[in-house]
Amino acid sequence: MLEEGLTKYLVLNSKPQWSNVLSRAIYFYVLSNNIKYVEGSLIIAQTALELLAWNYLVIQEKTLSKTKYENTQANEKFQLMLNKLAIPLEIPKKFESLITWSNQNNLINGVQVITKIRNHFVHPENNTNIQTPNGEVIYYARELALWYIELIILRLCDYNGV
């Protein structure tokens, strides 16, 4: 299975529109996994999601024009990409506190949670309408973002194994 996954990764990485993007997305993924502070880690993970969404939706699939992409909210871009790649938007049940926080803030899926929490740190003046997330919620949001990155890369590689 590992050989199959690596082979499919190398095929995707050989495509000019993906080689640089994949290496940067993986760099952000690894960096996010190694940052001590989960707030910064979540911000870096969302950067990887943005990079993958841009390349997939604008460059590869041409689902959105450059202008439309720039004028679309991050959570909408991520939802569109995940839907097209058949990746679930639901927050996994094991992230119980994240689900509770999501429900308390009227957020309906994982990408809304990730972007709301990230925006809470990056644009605090615009986020008076949500409860401040605690450390566990931030940690699980980061874990969810990393999981999405993993699934996106695997799906882009057309990998269907375990």
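The values are calculated or read from the model by the stated rules, or taken from the named source; none is laboratory data. Every value quoted in this text rests on a predicted model; they were computed, and no experiment measured them. Cβ placement follows ideal geometry from the backbone for every residue including glycine, while neighbour counts extend to all protein chains displayed. Side chains are part of the model used for accessible areas, which takes the heavy atoms of the whole protein and leaves out ligands, DNA and RNA. Shrake-Rupley method; radii C 1.70, N 1.55, O 1.52, S 1.80 Å.
Would you point out which residue out of LEU31, LEU10, LEU49, LEU6 is part of a helix (DSSP H, G or I) and open to solvent by less than 50 Å² (accessible area, probe 1.4 Å)? First the steps, then the outcome.
Numbers: LEU31 fails: open to solvent by less than 50 Å² (accessible area, probe 1.4 Å); LEU10 fails: open to solvent by less than 50 Å² (accessible area, probe 1.4 Å); LEU6 fails: open to solvent by less than 50 Å² (accessible area, probe 1.4 Å).
None of the others qualify; the one that does is LEU49.
When residues of the range 34-46 are filtered for being of a type outside the set (Val, Ile, Thr), open to solvent by less than 60 Å² (accessible area, probe 1.4 Å) and free of Cβ contacts under 8 Å to residues at least 24 places away in the same chain, how many remain? Step through it out loud before you land on a result.
Going residue by residue through the range 34-46, those that are of a type outside the set (Val, Ile, Thr) are 34, 36-37, 39-42, 45-46.
Cutting the leftovers down to open to solvent by less than 60 Å² (accessible area, probe 1.4 Å) gives us 40-42, 45-46.
Applying the additional criterion that residues be free of Cβ contacts under 8 Å to residues at least 24 places away in the same chain yields 40.
The number of residues fulfilling the criteria is 1.
Can you find a residue in the range 129-144 that is in contact with a Pro (Cβ under 9 Å, 6 or more places away or on another chain) and free of Cβ contacts under 8 Å to residues at least 12 places away in the same chain? The answer is no, given that none of the residues of the range 129-144 is in contact with a Pro (Cβ under 9 Å, 6 or more places away or on another chain) and free of Cβ contacts under 8 Å to residues at least 12 places away in the same chain. Within the range 13-28, the residues that satisfy the criterion of being of a type in the set (S, T, N, Q) and either outside any helix (DSSP H, G or I) or open to solvent by 50 Å² or more (accessible area, probe 1.4 Å) (or both) are SER14, GLN17, ASN20, SER23. Among the candidates TYR148, TYR159, which residue alone is closer than 24 Å to TYR9 by Cα and modelled with pLDDT under 95? Testing whether each residue is closer than 24 Å to TYR9 by Cα and modelled with pLDDT under 95 leaves just TYR159.
For the range 52-64, which positions are part of a helix (DSSP H, G or I) and surrounded by 15 or more Cβ atoms within 10 Å (Cβ to Cβ)?
So the first thing to find is which residues in the range 52-64 are part of a helix (DSSP H, G or I), and the list is 52-60.
Once the filter is applied, which keeps residues that are part of a helix (DSSP H, G or I) and surrounded by 15 or more Cβ atoms within 10 Å (Cβ to Cβ), the range 52-64 yields LEU52, ALA53, TRP54, ASN55, TYR56, LEU57, VAL58.
Applying the criterion of being among the aliphatic types (A, V, I, L, M) and within 16 Å of ARG142 (Cβ to Cβ) to the residues of the range 36-51, the residue that is modelled with the lowest pLDDT is VAL38.
A Cβ distance below 8 Å, combined with a sequence gap of six or more or placement on separate chains, defines the contacts here; from the range 94-120, residues that are farther than 11 Å from ALA74 by Cα reach residues that are basic (Lys, Arg) and open to solvent by 30 Å² or more (accessible area, probe 1.4 Å) in the pairs ILE99/LYS93; ASN105/LYS116; LEU107/LYS116. Here the range 50-85 is the region considered, the condition is being farther than 17 Å from LEU12 by Cβ and in contact (Cβ under 8 Å) with a residue 40 or more places away in the chain, and the residue that is nearest to the chain's Cα centre (by Cα) is PHE78.
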